[in-house]
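The values are calculated or read from the model by the stated rules, or taken from the named source; none is laboratory data. Worth saying up front: this structure is predicted, and the values here are computed from it rather than measured. We place every Cβ from the backbone using ideal geometry, glycine too, and count neighbours over all the protein chains shown. Protein only, heavy atoms only, side chains kept; ligands, DNA and RNA dropped before computing areas. Shrake-Rupley method; radii C 1.70, N 1.55, O 1.52, S 1.80 Å.
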Amino acid sequence: MKAIAVERDSEGPTVIEKPRPEPDEGEALLRTLRVGVDGTDHEVIGGSHGGFPEGEDHVVLGHEAVAVVADPNGTDLAEGDVVAPTVRRPPADGTNEYFERGEPDMAPEGEYVERGIVGAHGYMAEYFTSPPEYLVPVPRELWEVGFLVEPISITEKALEHAYASRSPFEWTPESALVLGNRSLGLLTLAMLEYGVDSDRSFATRDFERTYCLGRRERPDPTVDIIDEIGATYVNSNETPLETVPEAYEPMDFVYEATGYAPHAFETVEALAPNGVGALLGIPDSWEFEVDGGRIHNELVLHNKALVGTVNSHVKHFEGAVDALAELPAWLLDDLVTTVATPEDAAPAFEYGHDQIKAVVEFDRL
């Protein structure tokens, strides 16, 4: 079967041939439909993040996937079920307390592997196998956009943790600012603007005023999407993050998806009293000067909070399916700018002015 992988000492992803996997007892065989490409994939390709499976000279890419059950292999799944696979798996030396509690996303580094990222092959292949407990059902009518369940689940978790940090008191946020206008930022912005009418989704409340901060100049397709969503675009070239409260308003919620290290500290300044910032970007090592005393005072005297969050687990994926079903069709159409094939996958890994979200399509329903 065809797979798209990064090999040791390679300069980019390559198409390789691998044997079709045989499911072990308790695993199902999945036929891959679509796999999304995001910034983490580029970090894995560039060698700044992730790692090869033990004893392997390559890693199959891809952690944003939607697939169909090809062989249930004695599991409770049915042939033809459409699913989105979660990303984290127990490490090679066996399970641990985080997986036993159903909280793999809270495991620290070294106590997990992540498919397509670190220590385990991903989903960018014609077939893969998985135990059913790591597969979340997706309605068949959503198969073309089912790969977005994984990134949406990241925001589901961030919102859960943000609200949990404010749970000791009545928190009724009205304003939200998303940092970053790539696909994850745009999906999150839409979730905050529209809300979701679902008991499973954490994006259950629409914010009255939403903003998105980015560096792109008009005209730009991502800014067009922000306008269509009904949010306010903030050009950081003209209005840096630390000036947003004066130029617009202090924010009840800030969602950081840039990996730009200064934003973690500037977020504190941008928050309104009692506000919370969710940090999701993973920056490289970066030394710079900050006024630590001022930041400390802002956090303490104004009851602000920062939460760091990475990965997600099954309940976040389930909420993400509900959220995806309620996002407008025009948004999903506009987000997907490239649909590549395994035979010609290069366009899916290109950065460009018009590239928002790229996928590799292995098969169709």
Report summary line: When segment 1-15 is checked residue by residue, the ones that are surrounded by 13 or more Cβ atoms within 10 Å (Cβ to Cβ), under 16 Å from P53 (Cα atoms) and out of contact with any helix residue (DSSP H, G or I) (no Cβ under 9 Å at 6 or more places or on another chain) are A3, A5, E7
Query - Single unsatisfied condition, P245 versus (1) out of contact with any Phe, Trp or Tyr (no Cβ under 6 Å at 6 or more places or on another chain); (2) open to solvent by 60 Å² or more (accessible area, probe 1.4 Å) - result: (2)
**Report entry** Near pairs, Cβ below 7 angstrom, 6+ apart or cross-chain, from segment 214-234 (within 18 Å of Y248 (Cα to Cα)) to any residue that is in a helix (DSSP H, G or I) and of a type in the set (V, I, T)
**Finding:** G214/T222; Y233/V223; Y233/I226; V234/V244
Query - Qualifying positions in segment 248-263 - hydrophobic (A, V, I, L, M, F, W, C) and in a loop (DSSP other than H, G, I, E, B) - result: A257, A261
Report task. Could you grab the pairs with beta carbons closer than 6 Å, sequence gap of 6+ or different chains, first residue in segment 74-93 and touching a residue at least 40 places away in the same chain (Cβ under 8 Å), second one acidic (D, E) and crowded, with 19+ Cβ neighbours inside 10 Å? Result -> V87/E114; R88/E114
Query raised in the report: Which residues, counting only those in segment 132-160, are open to solvent by 30 Å² or more (accessible area, probe 1.4 Å) and outside any helix (DSSP H, G or I)?
Result: P137, P139
Requested in this report: Evaluate the following for E103: is it under 20 Å from the mean Cα position of the chain (by Cα), open to solvent by 50 Å² or more (accessible area, probe 1.4 Å) and modelled with pLDDT of 95 or more?
Outcome: yes
Query raised in the report: Can you name the condition, by its number, that D354 falls short on among (1) modelled with pLDDT under 95; (2) open to solvent by less than 20 Å² (accessible area, probe 1.4 Å)?
Result: (2)
Query - Top-ranked residue of segment 264-321 - restricted to ones that are part of a loop (DSSP other than H, G, I, E, B), under 25 Å from L148 (Cα atoms) and small (G, A, S), ranked as least open to solvent (accessible area, probe 1.4 Å) - result: S312
Report summary line: By residue number, the members of segment 165-187 that are among the polar types (S, T, N, Q), over 12 Å from Y211 (Cβ atoms) and open to solvent by less than 20 Å² (accessible area, probe 1.4 Å) are S183
Query - Top-ranked residue in segment 192-212 [being under 18 Å from G277 (Cβ atoms) and touching a helix residue (DSSP H, G or I) at 6+ places or on another chain (Cβ under 6 Å); ranked as surrounded by the fewest Cβ atoms within 10 Å (Cβ to Cβ)] - result: F207
Query raised in the report: Do you know which residues across segment 329-346 are of a type outside the set (G, A, S), free of Cβ contacts under 8 Å to residues at least 60 places away in the same chain and either part of a loop (DSSP other than H, G, I, E, B) or open to solvent by less than 40 Å² (accessible area, probe 1.4 Å) (or both)?
Result: T338
Query raised in the report: Residues in segment 71-89 that are assigned to a loop (DSSP other than H, G, I, E, B), touching a strand residue (DSSP E or B) at 6+ places or on another chain (Cβ under 6 Å) and within 23 Å of E111 (Cβ to Cβ): how many?
Result: 1
